[in-house]
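Take a look at the structure below.
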Amino acid sequence: MGKRSREKKERRLQGGVEQKRSETETGWEKILKGIIFIGTILILFTPLILRSEFFFPFVGPKSLYFMGLVEIIFFTWLFLIIFSPKYRPRLNLILLALILFLIALILSAVFGTDFSNSFWSKFERMTGVLMMLHLFFFFLVIFSVFKEKEWVQIFAVSIFIGVILSSIALISKNPSMRGGATIGNESFLGTYLLFDLFLALYLIFKTRAGLRIYSSFCFLIMAVWMILGGARAAKLSVLGGLILLLFLYLALVPKKKFLKYLGRTLLILSLIGFLVSVYLVFQPDNIIHQKFIEQASRARLVVWEKAWKGFLERPWLGWGPENFEFVFAKYFNPCMFLRECGGEIWFDRAHNVVFDFLVQTGIIGFLSYLLVFGTVFLILWKRFFKGKIDFLTAGIFSVLLISYFVQNLTVFDMVSSYMIFFLVLGFIASFTLPKEENQIPGKISSPNFLVAFVFLILFIFSFVNFIVKPFKTDYYTIEVIKYQDSAKRLDFYKKALETSPLGKHQIRTFFAEQFENFLQSEAGKKVSQKDLLEELNFLTDELKKSINESPLDFRSYLRLGQLYNTLFTVDQTKIAEAEEIIQKTIELSPTNQQGYWELAQTKLYEGKIEEALSLAEKAVELDKKVPQSHLIVIQIAKFMGDNELVKKKAEEAIEIIPELEPKIKEILGTN
């Protein structure tokens, strides 16, 4: 057969495929696919969503926007797979690994310390089991539906979003964004752009000239921010990833043996160097350890040490997703108040992907997470060695995921980075599907209105309970701040807490904190005692609910005790309850000075001055370098009228913390 005859036959076959595709993509199928594609494109805009009138405006609106669109495309996909069997998911290694990962998460939540917290999470993070289910549904839809052409379009839009974010971060002077544009944190922005940089690199090498120019421009803009920005972990991970890509190329592609041996040697040396560096980070008195502390602060190492203890206590399924703060409270390090330990006293993450998963999901959850990466690498390189994909596809996406994992050794994921991570997983999983010309289309079904009605009811139920109601709660929570009228505030308290369970523990402590601030304001001083007591009783009852629902919630105990102490002048009948609650606070976190400080205040109200002094001195003993503990001891001694004791405690404090002298003189009135 001549060349011209073969070309005619190929065109005829191609025409037949296109005609067949056209015939099978009419009516319902075309409409449903269109909805899924448009919905996916809109999902890519998640990092840009920001609403200042909401509780945690950088997180809640993004997460609800993402989950809402996922529900729309997921239920649309359910209709699609009924009408067209070829879009039904085929089991592959990545899908299997994600199913096992989800099972591990759910088991960890069920057998963990607070199922509600694990499932719903809170508005500050929004990464509980509910979010993971939506991410899985997102993966399920995109890997089943999209082909190469759609993936190129999706990646092109994604890197465009990356350019917008980079431009905002480079230009904006808004301090609330903390260098992270609409993502709100430069570390989180760095994680997100890490993905887009490698996606742009993929498009540069794998697409036609026009798209290459566009992708090169996008890569350049994002690279400028990566160089100038402060996301050190992402910056080093991208650089390391590019170097690793070069080493992989040398090890696998060139025909010259010398280059292959060089590449393989460099790969081995780089792996050894990385493992040695990780080891030295945890060993004192070496340059790697010192550099890490300078860049990331000693707080990371302190928190990781406590995370390890928490893992050893519950090694198999962990404490449950989103429950790290219980471990942090139980194993609190008293030095956390000091600058040398970071000066941060609230951690709900270990800021390390290994420790976070070990603590929250145990060894079972952590291994299932690693399995996801393992299956991705297996699919990529198996197809590469079989000649089904080229080196650049296998290499770029491998180093992308390695870079992502490495940078997460000091950071954690939020909705934007999780979204693009699962997007990449969907793309790689799509490699396992048969090519379109080899697909068996299956019989196109007629609309089944009974099934459609059931899906519609499920969609409405899900959308209302998981999207609309949390959205309202988010809005109601921040509305409390706007009102000075006690009745109005009470109304929004109730609306926020009755509408959705999402973040209920955090919302209750937030309301208590806002109420204490309100009392110190001029408007608060004008409110009648009756209204104050009504608001107080509501808030204390709500905090008690948190304590009953989550007995390890240190923050709820502490906030309730603080609320009782703050309102001693209004309602002295609560002082016995305050003492009981704060005693429990100390039991939950015996090395946290806050419990001792608060109980000392309670003892003063009770007239038990000696006991108050003893508690304050215990706080000093926990870490003598913490200024607040010394100041409280001196204030109590002054209240006792014991001048000798005041002088002694003041001298001890100044000897340990010389810079405290001006503050002590101010307290004693000796300036």
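The values are calculated or read from the model by the stated rules, or taken from the named source; none is laboratory data. Remember, it's a predicted structure, so these values are computed and weren't measured experimentally. Please note: Cβ atoms are built from the backbone with ideal geometry, for glycine as well, and neighbour counts cover all protein chains shown.
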Where Ala307 falls short, out of the listed (1) touching a residue at least 60 places away in the same chain (Cβ under 8 Å); (2) within 18 Å of the chain's Cα centre (by Cα): (1)
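Just to be sure, is Lys663 surrounded by fewer than 22 Cβ atoms within 10 Å (Cβ to Cβ) and either of a type in the set (Lys, Arg) or under 27 Å from Gln572 (Cβ atoms) (or both)?
Judged against the criteria, Lys663 is a match.
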Residues that are in a helix (DSSP H, G or I), basic (Lys, Arg) and free of Cβ contacts under 8 Å to residues at least 12 places away in the same chain, drawn from the range 252-269: Lys257, Lys260
Residues of the range 251-266 that turn out to be over 17 Å from Gly395 (Cβ atoms) and hydrophobic (A, V, I, L, M, F, W, C), as a count: 1
Tell me whether the range 236-251 contains one or more residues that are over 30 Å from Lys386 (Cα atoms) and either without any contact (Cβ under 8 Å) to a residue 12 or more places away in the chain or not polar (S, T, N, Q) (or both). yes
Keeping to the range 553-601, report how many residues are β-branched (Val, Ile, Thr) and at pLDDT below 95. 5
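Yes/no matrix, rows are residues, columns are (1) in contact (Cβ under 8 Å) with a residue 24 or more places away in the chain; (2) in a helix (DSSP H, G or I); (3) under 17 Å from the mean Cα position of the chain (by Cα); (4) outside the structural domain of Gly240 (by TED's automatic domain parsing):
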{"site": "Gly179", "(1), (2), (3), (4)": "yes, no, no, no"}
{"site": "Gly190", "(1), (2), (3), (4)": "yes, yes, yes, no"}
{"site": "Asp196", "(1), (2), (3), (4)": "yes, yes, no, no"}
{"site": "Leu201", "(1), (2), (3), (4)": "yes, yes, no, no"}
{"site": "Gly210", "(1), (2), (3), (4)": "no, yes, no, no"}
{"site": "Tyr214", "(1), (2), (3), (4)": "yes, yes, no, no"}
Which is in the same structural domain as Thr585 (by TED's automatic domain parsing) and at pLDDT 90 or above, of Ile478, Ile507? Ile507
Checked against (1) farther than 18 Å from Thr113 by Cα; (2) assigned to a helix (DSSP H, G or I); (3) of a type in the set (A, V, I, L, M), Ile345 satisfies every condition except (2)
Checked Val152, Val141 against criteria (free of Cβ contacts under 8 Å to residues at least 60 places away in the same chain and either of a type in the set (Gly, Ala, Ser) or closer than 30 Å to Arg212 by Cα (or both)); the one match is Val152
Filtered residue count, the range 547-564, keeping only those that are surrounded by 22 or more Cβ atoms within 10 Å (Cβ to Cβ) and of a type outside the set (Phe, Trp, Tyr): 9
Among the residues of the range 97-133, the number that are under 20 Å from Leu370 (Cα atoms) and either in a helix (DSSP H, G or I) or touching a strand residue (DSSP E or B) at 6+ places or on another chain (Cβ under 9 Å) (or both) is 17
Do you know which residues across the range 244-297 are of a type in the set (D, E, K, R) and farther than 26 Å from Val411 by Cα? Lys255, Lys256, Lys257, Lys260, Arg264
When His505 is run through (1) more than 26 Å from the chain's Cα centre (by Cα); (2) part of a helix (DSSP H, G or I); (3) not basic (Lys, Arg), the failure sits at (1)
What are the pairs, 6+ residues apart or on separate chains, where a residue within the range 516-532 that is under 15 Å from Leu563 (Cα atoms) has its Cβ under 8 Å from a residue that is basic (Lys, Arg) and assigned to a helix (DSSP H, G or I)? Phe518/Arg489; Leu519/Lys525
